[in-house]
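Take a look at this one; I'll ask things after.
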Amino acid sequence: MKQQHTLIYFISSIILLLSVSVYAQNDSIPNVTKDTLIIKEKYGLRIGADLSKLARSFYDDNYSGFEVMVDFRLKKKLYLAGELGFEEKKTLTDYLDITTNGSYLKGGIDYNSYQNWLDMDNMIYFGFRVGASSFSHDRNNFTIYSTNQYWEPQFSSTELKEFNGLTAFWAEIMLGMKVELFNNLYLGLNVQLKILAAETVPDGFENVYIPGFGKTYDSSRIGAGYSYFLAYRIPLYKKYK
């Protein structure tokens, strides 16, 4: 009988020690806290206006213009983008007085290279556009320059002549940034390098200004431009970051 009690006591001690050991092991396993912070990225249509053209229309008596920009987020870093606008520009030189007016359309993509933190929504982007313009020139007056100054005066004409139905096509690359000032409100700027692909040339002179493309430089097909704008995004849906 005494041996039986001793055996029972021995088995009970072993069970107790095993229970304490298992409890200690379970207690030593660190608790992993799941990250409950969920970030969603905004997708929608962003619409804005070019402030540089509006400002120039006020301080430059020889210019008026307006441009609307839009973009739509396709993927995390890829945007479908475009611009629509019109311009009227009077070009005055010692030998030429021309008024150019017309509209233009540009379309392409923007790629955001900036890595946003948490719920930030800023952009440093590279863009590509294909542009088309339909415009006209009013030649108000002109003077033919001659290298032989002996026969004076030079031939001049003040007869108004219109050149309608002109077109131009070009490609451009741009570098820009967009900063979210407030919720869904953005301020941005960009610079553009343009390459003229095709144009309709009026009789008797070259295009001196093309709406959307800008100033032309003699026979060069290279142009440049810039814009700064204010835009608002219409939020349509969100995706998990």
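Measure up Lys53/Lys77; Lys89/Lys178; Lys42/Lys178; Lys77/Lys106; Lys76/Lys194; Lys53/Lys90 against 18 Å on the Cα-Cα distance and list the ones that go over.
Lys53/Lys77; Lys89/Lys178; Lys77/Lys106; Lys76/Lys194
Hey, quick one: spin label on Glu41, modelled 7 Å out along Cα-Cβ, who in the stretch 95-135 has an amide N within reach, i.e. under 12 Å?
Counting only backbone N, you get 111-123.
Using a 1.4 Å probe, what is the accessible area per residue for the stretch 54-130, in Å²?
Working: 4250 Å² over 77 residues.
Here the residues of the stretch 54-130 average 55 Å² of exposed surface.
Still on this model: I'd like the distance between the alpha-carbon centres of the stretch 177-240 and the stretch 54-75, rounded to an integer number of Å.
Their Cα centres are 9 Å away from one another.
Another question, then. Quick one: accessible surface of Ile210, probe radius 1.4 Å, all protein chains present, in square angstrom to the nearest 10.
Ile210 exposes around 0 Å² with every protein chain in place.
Mind ranking Thr93, Thr216 by accessible surface for me, highest first, 1.4 Å probe? Don't skip to the answer; put the middle values down first.
Working: Thr93 80, Thr216 20 Å².
Heavy-atom accessible area, descending, gives Thr93, Thr216.
From the backbone phi of the stretch 172-183, what are the Karplus-calculated ³J(HN,Hα) couplings (6.51 cos²θ - 1.76 cosθ + 1.60, θ = phi - 60°) in whole Hz, Gly and Pro given as x?
After applying 6.51 cos²θ - 1.76 cosθ + 1.60, I find 8, 10, 9, 10, x, 9, 9, 10, 7, 6, 9, 4 Hz.
Below 8 Å between Cα atoms, with a sequence gap of 6+, how large is the relative contact order for the stretch 64-137 in percent?
Working: 148 pairs, mean separation 20.1, N = 74.
This gives 27 percent for the stretch 64-137.
On to the next question. Apply the Karplus curve 6.51 cos²θ - 1.76 cosθ + 1.60, θ = phi - 60°, to the phi angles in the stretch 198-215 and return the couplings in whole Hz, x for Gly and Pro.
Result, ordered by residue: 7, 7, 8, 9, x, 6, x, 7, 9, 5, 9, 8, 10, x, x, 8, x, 5 Hz.
Could the peptides 43-52, 189-198 be put in order, highest first, of the mean number of other beta-carbon atoms found within 10 Å of their residues? Show your work: numbers first, answer last.
Values: 43-52: 17.4, 189-198: 15.6.
Packing proxy ranking, top to bottom: 43-52, 189-198.
I would also like to ask the following. Name the residue from Met69, Ile124, Thr99 whose Cα lies farthest towards the positive end of the charge dipole of the stretch 68-136, charges +1 on Cβ of Lys and Arg and -1 on Cβ of Asp and Glu.
Ile124
Same structure again: Enumerate the calculated ³J(HN,Hα) couplings along the stretch 218-233 in order (Karplus 6.51 cos²θ - 1.76 cosθ + 1.60, θ = phi - 60°), each rounded to whole Hz, writing x wherever the residue is Gly or Pro.
Couplings: 6, 9, 6, 9, 9, x, 8, x, 8, 7, 9, 8, 10, 9, 10, 9 Hz.
Modelled label-to-label distance, Lys161 and Met120, 7 Å Cα→beta-carbon offset: nm?
5.7
The values are calculated or read from the model by the stated rules, or taken from the named source; none is laboratory data. These figures come from a predicted structure and were not determined experimentally. Ideal geometry is used to build each Cβ from the backbone, glycine not excepted, and the neighbour counts take in all protein chains shown. In case anyone asks, the SASA skips ligands and DNA or RNA and just uses the protein heavy atoms, side chains included. Shrake-Rupley method; radii C 1.70, N 1.55, O 1.52, S 1.80 Å.
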